[in-house]
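Written out below as structure tokens is the structure these notes cover.
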Amino acid sequence: MIPDRPYLEALYRKYNRFEFIHPDPLEFVWRYRSAGDREIAGFIASSLAYGNVRQILKSVGQVLAPMGERPSSYLRNTPEKKISRTLANFRHRFTTGAEMAIFLMNIKTTVKKHGSLENCFLKNYRPQDKDISRSLYAFINEFNAGERAPTLTPLPERQSSFKRANLYLRWMVRRDSVDPGVWTGIPPSKLIVPLDTHMFAVAKKLRLTKGKAASMRTALEITAAFRSFSPNDPVKYDFALTRPGIQRL
């Protein structure tokens, strides 16, 4: 079928509700109040969003639990060796505790240097760009200026869909009953759909793409299709379109 705006809006009204968030790593972001804590918790949660959703929730919880109510304060005041010791027995699929410690130290370094993850992203953001793909690549490279955590951050040169990074940006930029909208410097119109195999299958079924793989090129094609229905918020329907399948897991 080929969707129209009334069809997508009906799905949005039905599924884009706070009570439908679980099971989703996004629920961890809502546990914190400050923007600084939410952007850090969100980056951790989205970066671990691969594999079985139940395991994802367990792993995100394990990483965030030692940080208490203020992840930003924990990272700012906790030495690298203690962070590494705390994560010594951690493992999420291909991600080891040592790699997660590197990721957390990169967050710590980035926030110390720029004041926030949003400020780091905005360093290379240009309002005239049609979307955030260029600034997203620059953000990831800046974040990985030291040692890279390979299973947690993508390589820009591979031109993958950057699903987890785009998922994070959806959480940070959009603001409604599902997405908390922590960041204020980037408009939702610049976002790119978080493209994984599930969304790829949905988009193929709805004839929103002719792409043969879940690449950045395909993600941009699907985003362009959504933009025709919602120019100022092209990823508005992402949660609603993928929620029915997640709820059945």
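Bear in mind that the values in this text are calculations on the coordinates, not laboratory data. All figures in this text were calculated on a predicted structure; none of them were measured in a lab. All Cβ positions, even for glycine, are placed from backbone atoms using ideal geometry, and neighbour counts span all protein chains on display.
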Subject >> Simple label model, 7 Å out from Cα along Cβ direction - S228 to F94, nm >> reply: 3.5 nm
Original post:
Tally Lys/Arg at +1 and Asp/Glu at -1 over every other residue whose Cβ is under 11 Å from the Cβ of D196; what's the total?
Top reply: +1
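Find the Cα radius of gyration of segment 103-147, compare it with 2.2 N^0.38 Å by division, and give the number to two decimals. Please list the in-between numbers first.
Numbers: Rg = 10.7 Å, N = 45, 2.2 N^0.38 = 9.3 Å.
Relative to the rule-of-thumb radius for its length, segment 103-147 sits at 1.14.
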**OP:** At a Cα cut-off below 20 Å, give the lysines reachable from K204, other chains included and same-chain residues fewer than 8 away excluded.
**Re:** K163, K212, K236
**OP:** Could you line up I140, I102 from fewest to most neighbouring Cβ atoms inside 10 Å?
**Re:** I140, I102
Subject >> For the chain, the longest site-free run once trypsin sites (Lys or Arg not before Pro) in DSSP loop states with at most 11 other Cβ atoms within 10 Å are removed >> reply: 34-206
Original post:
Where the convex hull is taken over the Cα atoms of segment 120-232, what is its projected area averaged over directions, in nm²?
Top reply: 7.5 nm²
Original post:
Taking Cα atoms of the chain, Rg/Rh with Kirkwood Rh, to two decimals?
Top reply: 0.95
**OP:** Multiply the residue gap between R207 and R5 by 0.36 nm, knock off their C-alpha separation, and tell me the result in nm, one decimal place.
**Re:** 71.3 nm
**OP:** Sort L169, L241 so the one with the fewest other Cβ atoms within 10 Å of its own Cβ comes first.
**Re:** L241, L169
Original post:
To the nearest 10 degrees, how steep is helix 133-143 against the longest Cα principal axis of the chain, on a 0 to 90 scale?
Top reply: 10 degrees
**OP:** Measure out, as a whole number of angstrom, how far apart the alpha-carbon centroids of segment 79-97 and segment 178-231 sit.
**Re:** 33 Å
Subject >> Folded to 0 to 90 degrees: helix 238-247 orientation relative to the chain principal axis, Cα >> reply: 80 degrees
Original post:
What relative contact order, as a whole-number percentage, does the chain give when Cα pairs under 8 Å and 6 or more residues apart are counted?
Top reply: 22 percent
Subject >> Cα-based helix-to-principal-axis angle, 5-15 vs the chain, degrees rounded to 10 >> reply: 40 degrees
Original post:
Beyond 12 Å, what share of the Cα-Cα pairs of segment 147-200 remains, rounded to the nearest whole percent?
Top reply: 69 percent
Original post:
Where in the chain lies the longest segment free of GluC sites (Glu not before Pro) that are both loop residues by DSSP (not H, G, I, E, B) and have at most 13 other Cβ atoms within 10 Å?
Top reply: 148-249
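Using only alpha-carbon positions, what ratio does the radius of gyration of segment 1-122 give when scaled by 2.2 N^0.38 Å?
For segment 1-122, the normalised Cα radius of gyration is 1.23.
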Original post:
Which of the chymotrypsin sites (Phe, Trp or Tyr not before Pro) found in segment 66-121 are loop residues per DSSP with 11 or fewer other Cβ atoms within 10 Å of their Cβ?
Top reply: F94
Original post:
Given the Cα-Cα distance of Q159 and T184 and 0.36 nm per residue of separation, how much length would full extension add, in nm?
Top reply: 6.3 nm
